[in-house]
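The values are calculated or read from the model by the stated rules, or taken from the named source; none is laboratory data. The structure displayed is predicted, hence computed values, not measured ones. Here the Cβ positions follow ideal geometry from the backbone for every residue, glycine too, while neighbour counts run over all protein chains shown. Surface accessibility is based on the protein's heavy atoms, side chains included, excluding ligands, DNA and RNA. Shrake-Rupley method; radii C 1.70, N 1.55, O 1.52, S 1.80 Å.
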Amino acid sequence: MSRLVKTAAFGGVGYLGGLLLEHGIESVTGLDFVDGLFAVAGSVLAAMYVNRDMVEAASQNIKAMFGKDPIYITEGEWKQFKRKYPNTAEWLEKALEV
Amino acid sequence: MELLALDGFLLKALVGLLAKLGVDELKKSGWMPQSYYVRTALLALKRDDLDQAVRDYNLSVEKREPGEKAKVAYEIITCAIDIRIAKTEDKLSELHRALHPPVFSVRFWRNLLAGNRSAANERLRREEQGCREALEVLGRLKSQLKSASEDKQH
């Protein structure tokens, strides 16, 4: 019986430790982690690459929409894009520091 | 001694296999971080695999509210689908014009007078049908994407 209590207590301490560590990392990096530390490595790697992939994908879309490179689009075309896809436009402005 | 070493190896292999199966299962059920799914969706988009991109985006919002990046990814995928729809519609109207030219056009009379146009028209009709089916699939993909996003936002 005492062995069972000990196991449960150590398990609880371990769980709390893991939880604290996870939330600590989450608050420091601002990354959205799921329960379980196995995901940390994948999340860090994905977050590192996701910005670049987003810029690439958004610029591909702009190119396909207006038939020219994003740097050559006019202000009117940019406003048209912004009206249709406000989050992407806002995010691009932030990411590219326009 | 050799038996023990083999046991150790088998144990490690088993643990590795179980870990892989566990992670695969978590990936499939949407428990990985949102940024992971957003990235895989964008990579699928890069490969021109809209189906997979929509599936991955839907997984990214399956267990969590869409964050800033997920919202941007949603718009990027929607934009890619819209572009594909516009291109397919252009192609469809081009095919329609070729198949049903106005009476006062040269094409109409050429179609009417030339005897061997039926094979070409048949090919155009098949192409037209293909475009209609593609539009249906794209519309379905767009509604799937929308529903996943709206479910979480409302």
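Things worth noting here:
- Mean-position separation - Cα centroids, the range B:43-70 and the range A:76-98, in angstrom: 20
- Taking every protein chain into account, the 1.4 Å probe leaves A:Ser2 with about 90 Å² of accessible area, to the nearest ten.
- Exceeding the 25 Å Cα-Cα cut-off - candidates A:Lys82/B:Lys71; A:Lys63/B:Lys27; A:Lys63/B:Lys63: A:Lys63/B:Lys27; A:Lys63/B:Lys63
- Neighbouring Cβ atoms from other chains, within 10 Å of the Cβ of residues in A:87-96, number 3 on average.
- Highest average packing first - B:100-108, A:64-72, Cβ atoms within 10 Å: A:64-72, B:100-108
- Per residue of peptide A:79-85, the mean number of Cβ atoms on other chains within 10 Å of the residue Cβ is 2.
- Size of electric dipole in the range A:52-98: Cβ of Lys, Arg +1 and of Asp, Glu -1, about Cα centre, debye, nearest 20: 180
- B:Glu75, A:Glu77, ranked by accessible area, largest first (probe 1.4 Å): A:Glu77, B:Glu75
- When B:Ile83, B:Ile76 are compared by accessible area of protein heavy atoms, the largest-first order is B:Ile83, B:Ile76, using a 1.4 Å probe.
- Each other residue within a Cβ distance under 15 Å of B:Ala13 adds +1 if Lys or Arg and -1 if Asp or Glu, for a net charge of +1.
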